[in-house]
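Input: a single structure, listed below in C-alpha cells.
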C-alpha cells in the first residue's frame, strides 16, 4: 500500500507542477526576475501547496504514526548552519540560471528533449560529487 | 494565478498523502539522492515516487504539451549542464530544494526551511541578474 501511495503521490505532484506552470522555465525565471517583468505564479503555487500541507500537518502532528507505517520520518534537525546556507545559495544559483529545480527536472524528462537530460544528468553528477566530497 | 493556486493545491495534496499515509517528507532532491545510494527497504517507494513523476510528465506531454515548450529557449547545453550540477550539489549540501524546504518544511513552520527558502530565492534572483547581464539584456 505504501508503494502505491508513493506512485500516486508522484503522479499528482507532477500534474500539479505542470498545471501550475512550474515545468515552464520562463515562468520560474520570471518569478526570480524581480528587476524585470515579474511573474508571481511561483508564489501562488507555494501558497496553494503550503496552505493545504500546513493544515494537514497541524491535524496529524499529534498522532503517533502515519496510517501505513510505524513512525513518521520527519527531519528533526533545526540548526541553521553554514552548510544549509551555502547549499541553499548554490542551489539558488543553479535554479535561477536554468529555471529548473529537481521536481520539474524529473517531470520534464518526459518531454524527451536533450536539454533536460543534460540537466538531470548533471544534477545526478553534482549529487555524486557531493557524496565524494563528504567521504573525504 | 488561478492555475498556479490549483496546481499548488494539487502539489499540497500529493505531499499530504505522503505525510499522512506514509509519514514521509516529499523532498524530491532527497528522494533522488536516496535512490543513488540504495538502502534495503528504503528504495522501492522512492523509485515508485519518481516513476510517478515521470508518468505525470507523460500525461502532461499529451494533455498539456505547452508545459515543456520553454525548455530550449535562450539557453545552450552548457547552461543546462552547469545549472544541473549546481542544483544537485547545492540541494544535498543544503538538505533540500523547493519541495523539501519550500513546500514541506515551510508547512511545518520549520525555521531552518524558511531560512533555506529565503536564501535560495535570493540567490535565484542574483543568478537571473547575472544571466541577463552576461547576455546584455539589462
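Is segment B:14-70 best put as rounded, prolate or oblate by its Cα gyration tensor, with a ≥ b ≥ c the root eigenvalues, rounded for a/c under 1.5, and otherwise prolate when a/b is larger than b/c, oblate when not?
Verdict is prolate for segment B:14-70.
Based on every Cα atom in segment A:2-135, Rg and the maximum pairwise Cα distance Dmax equal 17.3, 49 Å. Comparing Cα centroids, segment B:18-50 and segment B:51-104 end up 17 angstrom apart.
Shielding value for B:127-137 is 4, the average number of Cβ atoms from other chains within 10 Å of each residue's Cβ.
I want to verify a result. In a Gaussian network model of chain B, Cα cutoff 10 Å, which of these has the top mean-square fluctuation: B:60, B:21, B:73? Highest fluctuation among the options: B:73. Structure remark: mean-square fluctuation, Gaussian network model of chain A, C-alpha springs under 10 Å; the largest value among A:67, A:93, A:109 belongs to A:67. The alpha-carbon atoms of the protein assembly as shown define a convex hull whose volume equals 116 cubic angstrom per residue. Note on segment A:41-86: Kirkwood radius taken over Cα pairs, Stokes-Einstein applied at 20 °C and 1.002 mPa s, translational D equal to 161 µm² s⁻¹. Sorted largest first, the spans of the alpha carbon positions of segment A:1-41 along the three principal axes are 47, 13, 13 Å.
Under 1.5 on a/c is rounded, so check that first for segment B:2-134, then, if it is not, pick prolate when a/b is larger than b/c and oblate when it is not; a ≥ b ≥ c are the square roots of the alpha carbon gyration tensor eigenvalues.
Working: a/c = 1.43, a/b = 1.23, b/c = 1.16.
Taking the square roots of the gyration eigenvalues as a ≥ b ≥ c, segment B:2-134 is rounded.
Mind telling me which of B:111, B:32, B:128 comes out most flexible in a GNM of chain B, alpha-carbon contacts under 10 Å? Judging by the Gaussian network model, the answer is B:128.
Among B:11, B:62, a tally of other beta-carbon atoms within 10 Å of each Cβ gives an order, fewest to most, of B:62, B:11. Between 0 and 90 degrees, the angle of helix B:77-93 with respect to the longest Cα principal axis of chain B falls at about 40 degrees. When each of the peptides A:75-82, A:96-103, B:49-56, A:29-36 is scored by the mean number of other C-beta atoms lying within 10 Å of its residues, the order from highest to lowest reads A:96-103, B:49-56, A:29-36, A:75-82.
In deg cm²/dmol and to the nearest 500, what is the mean residue ellipticity at 222 nm of the protein assembly as shown if only DSSP H runs of at least 4 residues count, each as -39500 (n - 2.57), divided by the residue total? Don't skip to the answer; put the middle values down first.
On the way: 11 runs with 179 residues, N = 274.
Per the formula, -21500 deg cm²/dmol.
Throughout, read-outs are computed from the coordinates displayed, never taken from laboratory work. In this text, all values refer to a predicted model and were calculated from it rather than measured experimentally. Cβ coordinates were reconstructed from backbone atoms using ideal geometry, including for glycine residues, and neighbour counts include every protein chain displayed.
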